[in-house]
1. Which of the lysines could a cross-linker bridge to K263, judged by Cα under 20 Å and excluding same-chain residues fewer than eight apart?
2. Tell me, R177, R190 in order of fewest to most beta-carbon neighbours within 10 Å?
3. Taking only C-alpha pairs under 8 Å that are 6+ residues apart, what is the relative contact order of region 48-110 in percent?
4. Enumerate by residue number the GluC sites (Glu not before Pro) in region 32-140 meeting two conditions: DSSP loop (anything except H, G, I, E, B), and at most 16 other Cβ atoms within 10 Å of the site's Cβ.
5. Region 260-334 to region 155-197: how many Å between their Cα centroids?
6. Would you please put 323-331, 24-32 in order of how densely packed they are, using the mean number of other Cβ atoms within 10 angstrom per residue and starting with the highest?
7. Anyone know which of N86, N246, N216 comes out most mobile in the 10 Å Cα GNM of the chain?
8. With a ≥ b ≥ c the root eigenvalues of the C-alpha gyration tensor of region 217-334, is it rounded (a/c under 1.5), prolate (a/b larger than b/c) or oblate?
Amino acid sequence: MQIRLLTAMALLEIIEAEKWFGAVTAVDRVSLSVERGEFFALLGPSGCGKTTLLRLIAGFEMPDGGRFLIDGVDVTAVPPYARPVNMMFQSYALFPHLDVAANIAFGLRQEGMERRRREARIAEMLALVQMQGLERRRPHELSGGQKQRVALARALAKTPKLLLLDEPLAALDRKLREETRLELTGIQQRLGTTFLVVTHDQEEALGMASRVAVMNEGRLAQIGAPAEIYEQPNSRFVADFVGAVNLFEGDAMPGLVAVRPEKLRLSVERPEALALAATVVSISYQGGQSTVHLETGTGKKLRAHLPSAAARALTRGQTVWASWQPEDGVILQK
């Protein structure tokens, strides 16, 4: 069943969007809305259609069907430069021969903004992304995180109604991604600009967005708040793609049941609740938390997330009982 979610208050409305590349359907009758001031994420695996949908919103691709409305205006046939939208590319696409200030000012010059206003806007953007004092540096003199900030400042300089971000943190290392994720959400909240980010990283989407749309094979699989997507997935695909999950099915189960690893309980003695006997295969230490990898007698592999102090009480090859509370299992569409 295709999801359709439109609201009268939406800044962006996508109505039955379709896009084909030869025999391949990249976007398949997608309808969704993004509210004004929202931080919205399109999440999905490579090839699911999320980047194509982003390019359709930006106007870099023309749809084979459907309509796109921004602030109530149909922009389906409007060229990219005439849409109230700007895009921050994964590669950042900074001009190597221009310094930081000139990169930020590029779109403002194209619009013909007079010099005094342009310089004030550059200073405002430099302060926003904490790049004061670096305005004369060229891109090759910047770190990856600094390039990302300049690209963001350039994208925001023209005050777009909608900012599109294509895998904005992909080029950064893990620590810098975490720091930049906080900076992005802080900037979005201060400005109130509507952000729409495309990512394949579940942690990134759940950590930044106020709502998430999970895509699969050109369609929307589920839309909801991050907690809803994680704790109440509506299908096997969403449960399996968004975070780790244990899936159970059989005569004793009411359909297909998903249990997150942190909800799986391990005990030496068999509990009264429904439980499966399993052997500890390995224990992966991850600081305050450890992942216990298990295998049942039928060869089914399970994962449990435990505090490391509790995991240290277990040993490889030990037999334990894996169980969960009824409210911790989510029944899925197969």
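1. K300, K301
2. Details: R177 20, R190 9.
Ordered by Cβ neighbours within 10 Å, fewest first: R190, R177.
3. Details: 32 pairs, mean separation 14.0, N = 63.
RCO, region 48-110: 22 percent.
4. Details: sites: E35, E38, E61, E111, E114, E119, E124, E135; in loops: E38, E61, E114, E135.
Qualifying residues, ordered by number: E114.
5. 37
6. Ranking the peptides 323-331, 24-32 by packing returns 24-32, 323-331.
7. Among N86, N246, N216, the largest mean-square fluctuation in the Gaussian network model of the chain belongs to N246.
8. It comes out prolate by the Cα gyration axes.
Each value in this text was obtained by applying a stated rule to the coordinates, not by laboratory testing. For clarity, every value in this text was computed on a predicted model and none was experimentally measured. So basically every Cβ, Gly included, is an ideal-geometry build from the backbone, and we count neighbours across all protein chains shown.
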